[in-house]
1. When a/c reaches 1.5 or more, the comparison of a/b and b/c decides; with that in mind, is the stretch A:94-145 rounded, prolate or oblate per its Cα gyration tensor?
2. Once Rh is set to the Kirkwood radius over Cα pairs, what Stokes-Einstein translational diffusion coefficient, in µm²/s, holds for the protein assembly as shown at a temperature of 20 °C and a viscosity of 1.002 mPa s?
3. Kindly provide the helix-only [θ] at 222 nm of the protein assembly as shown, computed as the sum of -39,500 (n - 2.57) over DSSP H runs of four or more divided by all residues, to the nearest 500 deg cm²/dmol?
4. Separation between the B:K14 and A:M151 pseudo-spin-labels, each 7 Å from Cα along Cα→Cβ, expressed in nm?
5. Given the Cα-Cα distance of A:T6 and A:S168 and 0.36 nm per residue of separation, how much length would full extension add, in nm?
6. Quick one: if you stick a label point 7 Å off each Cα along the C-beta vector at A:E160 and B:T77, how many nm between them?
7. For B:K121 paired with A:Q73, estimate the spin-label separation in nm (one decimal), with each label point 7 Å from Cα along the Cα-to-Cβ line.
8. Tell me the volume per residue, in Å³, of the convex hull enclosing the alpha carbons of the stretch A:20-169.
Amino acid sequence: MVTPNTEFAYNSKIEGEVVVSRADAIINWIRTNSMWPMPMGLACCAIELMGAAASRFDIARFGAEVMRFSPRQSDCMIVAGTVTYKMASAVRRIYDQMAEPKWVIAMGACASTGGMYRSYATLQGVDRILPVDVYVSGCPPRPEALLDALMKLQQKVKREPSAKNLRSA
Amino acid sequence: MSATAAVSLVFKEKFPRVTDRASGDHPAFNVPLAQVVDVLRYLRDERSFDFLVDVTAIDWAEGTSPRFTVVYHLFSTVNHDYVRIAGNCENDLEPTAPSIVELWPAANWHERECFDLLGIKFDGHPDLRRILMWDGYPYFPLRKEFPLAGIETELPDAEIAAETQAKVISAPQAGGPFVAASGEINLTEAEPRAKDESWNERRQKPDA
């Protein structure tokens, strides 16, 4: 007697303990859900960054609550605040010390463009020294905006050819 | 202001070269910089002006002489009174002033800031380095001839500069500096971004 298979979901009796997927999907799934930030808090944006990490907004919902103050253990640098030329070298050095793969969120007007500081002392956008993945507008941005940026970054990471990058690295 | 008159009177007996300085608020005096340490010590020890509020300086712009004036603000925690002391630097090209770090250790960073931004050298300062800009920065940013946007120069760290090809640039002003009292002008049209772009809320985007 032949019975039609009407189960479309995962069936452990048939497939055992094997899940078939693409390497990219698995790697990116892991990366997007444990994106540990390097909080580069340089000005008032850092207060909103703290707000995003605290209980009301709770960045932990997106797997990014583990603020690492060591660049060796972090994946995503959040540049929150005004980058002066004096500080720019330190920001770049910390970025260089982060292990691949790594991403950068420029949080707020100052980090993105220099903001209102059109002056001799301020770097006119952190993208002059770092490759920035997501820019967040606002002065400072609300925590929701940072969460939105994080989700945008997760969408971006999900499209990366991670397995290929691993082989070529 | 009887307190002012009292300070002024005793002052002039003791330091005949001290003159009154025009002031909109607190008593103020012009003092030759050579005497300023003695004057400040006298004010601290005998007039109970025991609190150094600020050390700063004025640049009266290129071509004027004297060009630089060092200004000291003192406060008396006993009488709750302020006094302002100002002295002109003799050299307009390489201005110097005596350091008062030995009177108030708090003057240390004030004098460093003054040196950093206006280029006034304080004789006798224990550690006269830049405090805000980095060591080796070639300009004094608060001097009148220095543009707000800055002047193109190298990044402080040569290694990072080589790696990133970034420089300290003259910042794009985009219609600024943006200075206006509210109600004076239409802020939407005066904002830098409005001048930066050919269209905004009030002006239609021109047909391409």
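The values are calculated or read from the model by the stated rules, or taken from the named source; none is laboratory data. Bear in mind the structure is a predicted one, so any value in this text is a computation, not a measurement. Counting neighbours? That spans all protein chains shown, and the Cβs are built from the backbone with ideal geometry, glycine included. Keep in mind that these areas ignore ligands, DNA and RNA; they rest on the heavy atoms of the full protein, side chains included. Shrake-Rupley method; radii C 1.70, N 1.55, O 1.52, S 1.80 Å.
1. Because a/c hits 1.5 or more and a/b fails to exceed b/c, the stretch A:94-145 counts as oblate.
2. After rounding, the answer is 83 µm²/s.
3. Calculated at 222 nm, the ellipticity per residue is -9000 deg cm²/dmol.
4. Distance between label points: 7.0 nm.
5. 54.1 nm
6. My value for the distance between the label points is 5.6 nm.
7. 4.9
8. It is 101 Å³ per residue.
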